[in-house]
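Novice: Quick one: structure below, then a few questions.
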Amino acid sequence: MTADTVGGVWTYVMELARGLARHGVRTTVATMGPLPSDGQRREAESIPGLALYTSEYKLEWMENPWEEVDRAGDWLLGLAERVRPDVVHLNGFCHAQLPWPAPVMVVCHSDVLSWWQAVKGEAAPADEWREYAERVGAGLRSAGLVVAPTAAALAEAEYHYGPFEAARVIHNGRSTTDLYPGAKRNLVFSAGRFWDDAKNIKALAAVAPNLNWPTYIAGDLSGGTDRPRSPSLNFLGRLCGSAIGAWYSRAAIYALPAKYEPFGLSALEAALSGCALVLGDIPSLRELWDGAAVFVDPDDHKGLAEAINALSADSEGRERMGKLALERAQEYNAKSKACGYLFAYQDLKQITALDLQLFDHPGVSLL
């Protein structure tokens, strides 16, 4: 199973590998991009049957990546020759074209063409992204199965790169090990890369001076983006594990006015912590949270402030929305996610029996 350490894919991979281990599946995780942190390495070491291999090859969306993407492909094939996996699960796109020794699944977490259209409101520049589009499309069309975390994300991928041989939706899931509803405080919380226009956390920062409650933002602050200054706006930097869990637990309102979010793991984590959700009104988030969140136009700063202030002034309504979000979040759990992928692997390998005990055999492995 391939991975990177930059965003939510790492959390997705660790959560899935932990769930698969309960069914006797051994997972070999191969990372590209920045090396895992010490904390990430410790997390991987805690999962039974997980073997971690790391590299620093560029990811597909990075500047001038193709020489390193090709070298990464050679590295991955060499690793597959040693591991002899039963299934190859790629969390990137281009390497699906390689001559793998096992059936290949590709999971669409995000892609540049969909990101560009959603964030900038126009098609990505053809000259700049032509090779990316060709390679990503070829990879997806080569896969035995394409998976996306929402129907909205799958539709976008099919529009830009399809048609696919076979495709399905498997919702992401999250365990509640470090997430729990706590005593709520009068504050607004958000988490994500501040410089990422898709997350649109800059919109929340812009309206923070107009909110009734103080705003706290956790996440990477690099990228050269200027940060607004306000006595009511607080930047926490990167947090992980129990530290960010504590903020979810105490926050009464979680705001993510996203313009592009194929799933939105942070919204799920906030919901599992009992936060009332204020989310960008985009198809993927509507699909997951309709009836359990307040939605706002990501470009409407005034509407965002009004929605947050209305919740902060309505204790009963806020508590009700927090409960609705928690109830919905429990549908997106780690067990269901793991079972969804087990069934997908079975279909990919054309195994006719549906008994999950098939995967209890110690010889089953996953790259």
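The values are calculated or read from the model by the stated rules, or taken from the named source; none is laboratory data. Remember, it's a predicted structure, so these values are computed and weren't measured experimentally. Note that each Cβ is placed from the backbone with ideal geometry, even for glycine, and that neighbours are counted across all protein chains shown. The protein model used for the area step is the full one, side chains on, heavy atoms only, and it has no ligands, DNA or RNA in it. Shrake-Rupley method; radii C 1.70, N 1.55, O 1.52, S 1.80 Å.
Novice: Going through the stretch 286-306 one residue at a time, which ones are surrounded by fewer than 24 Cβ atoms within 10 Å (Cβ to Cβ) and part of a helix (DSSP H, G or I)?
Specialist: Matches in the stretch 286-306: 286, 287, 289, 301, 302, 303, 305, 306.
Novice: Filter the stretch 247-265 down to the residues that are under 23 Å from residue 312 (Cβ atoms) and at pLDDT below 95 and list them by number.
Specialist: Result: 264, single match.
Novice: Hey, can you tell me all the residues within the stretch 193-219 that are in a loop (DSSP other than H, G, I, E, B), surrounded by fewer than 21 Cβ atoms within 10 Å (Cβ to Cβ) and of a type in the set (Lys, Arg)?
Specialist: Answer for the stretch 193-219, where residues must be in a loop (DSSP other than H, G, I, E, B), surrounded by fewer than 21 Cβ atoms within 10 Å (Cβ to Cβ) and of a type in the set (Lys, Arg): just 193.
Novice: Looking for something touching a Ser or Thr at 6+ places or on another chain (Cβ under 6 Å) and either in a strand (DSSP E or B) or not hydroxyl-bearing (Ser, Thr, Tyr) (or both) - is there at least one such residue anywhere in the stretch 220-236?
Specialist: yes
Novice: Residue check, residue 129 against (1) more than 17 Å from the chain's Cα centre (by Cα); (2) open to solvent by 60 Å² or more (accessible area, probe 1.4 Å), all met but one. Which one?
Specialist: It fails just one condition, (2).
Novice: Given the residues 81, 56, 43, which is the only one that is buried (at least 18 other Cβ atoms within 10 Å of the Cβ) and not in a strand (DSSP E or B)?
Specialist: Details: 81 fails: buried (at least 18 other Cβ atoms within 10 Å of the Cβ); 56 fails: buried (at least 18 other Cβ atoms within 10 Å of the Cβ).
From the options 81, 56, 43, the qualifying one is 43.
Novice: Within the stretch 63-78, can you find the residues that are open to solvent by less than 50 Å² (accessible area, probe 1.4 Å) and out of contact with any Lys or Arg (no Cβ under 7 Å at 6 or more places or on another chain)?
Specialist: The answer is 66, 72, 73, 76, 77, 78.
Novice: Might you let me know whether the stretch 272-286 holds any residue that is farther than 28 Å from residue 157 by Cβ and hydrophobic (A, V, I, L, M, F, W, C)?
Specialist: First, the residues of the stretch 272-286 that are farther than 28 Å from residue 157 by Cβ: 273-276.
Okay, now just the ones that are also hydrophobic (A, V, I, L, M, F, W, C), so 275-276.
Looking through the stretch 272-286, at least one residue is farther than 28 Å from residue 157 by Cβ and hydrophobic (A, V, I, L, M, F, W, C).
Novice: Could you list, in sequence order, the residues of the stretch 19-40 that are in a helix (DSSP H, G or I), of a type in the set (A, V, I, L, M) and open to solvent by 10 Å² or more (accessible area, probe 1.4 Å)?
Specialist: Step one: filter the stretch 19-40 for residues in a helix (DSSP H, G or I), giving 19-21, 38-40.
Those left that are additionally of a type in the set (A, V, I, L, M): 20-21.
Scanning the stretch 19-40 gives a single hit, 21.
Novice: Scan the stretch 142-153 residue by residue and report those that are in contact (Cβ under 8 Å) with a residue 60 or more places away in the chain and either surrounded by fewer than 17 Cβ atoms within 10 Å (Cβ to Cβ) or among the hydroxyl-bearing types (Ser, Thr, Tyr) (or both). Talk me through it step by step, then tell me what you get.
Specialist: Of the residues in the stretch 142-153, the ones in contact (Cβ under 8 Å) with a residue 60 or more places away in the chain are 144-145, 147-153.
Within the stretch 142-153, 150, 151 qualify.
Novice: What do you reckon, is residue 277 closer than 30 Å to residue 21 by Cα and modelled with pLDDT of 95 or more? Outline the logic, then answer.
Specialist: Values: closer than 30 Å to residue 21 by Cα: no; modelled with pLDDT of 95 or more: yes.
No; evaluated as a whole, the condition is false for this residue.
Novice: Taking the options 27, 31, name whichever one is touching a Gly at 6+ places or on another chain (Cβ under 7 Å), modelled with pLDDT of 95 or more and of a type outside the set (Gly, Ala, Ser).
Specialist: Values: 31 fails: touching a Gly at 6+ places or on another chain (Cβ under 7 Å).
The unique qualifying residue is 27.
Novice: Another question, if that's okay. Does residue 329 satisfy being at pLDDT 50 or above, under 18 Å from the mean Cα position of the chain (by Cα) and either open to solvent by less than 30 Å² (accessible area, probe 1.4 Å) or under 21 Å from residue 80 (Cα atoms) (or both)? Before you say what the answer is, go through the steps one by one.
Specialist: Values: at pLDDT 50 or above: yes; under 18 Å from the mean Cα position of the chain (by Cα): yes; either open to solvent by less than 30 Å² (accessible area, probe 1.4 Å) or under 21 Å from residue 80 (Cα atoms) (or both): yes.
For residue 329, the condition - at pLDDT 50 or above, under 18 Å from the mean Cα position of the chain (by Cα) and either open to solvent by less than 30 Å² (accessible area, probe 1.4 Å) or under 21 Å from residue 80 (Cα atoms) (or both) - is met.
Novice: Follow-up. Need a quick list: strands (runs of 3 or more DSSP E) entirely within the stretch 120-192 having at least 1 residues that are modelled with pLDDT of 95 or more and hydroxyl-bearing (Ser, Thr, Tyr).
Specialist: Working: elements: 145-148, 167-169, 185-191.
Answer list for the stretch 120-192: 185-191.
Novice: Across the stretch 154-189, what is the number of residues that are surrounded by 22 or more Cβ atoms within 10 Å (Cβ to Cβ), in contact with a Phe, Trp or Tyr (Cβ under 7 Å, 6 or more places away or on another chain) and within 30 Å of residue 98 (Cβ to Cβ)?
Specialist: Looking only at that region, the number is 2.
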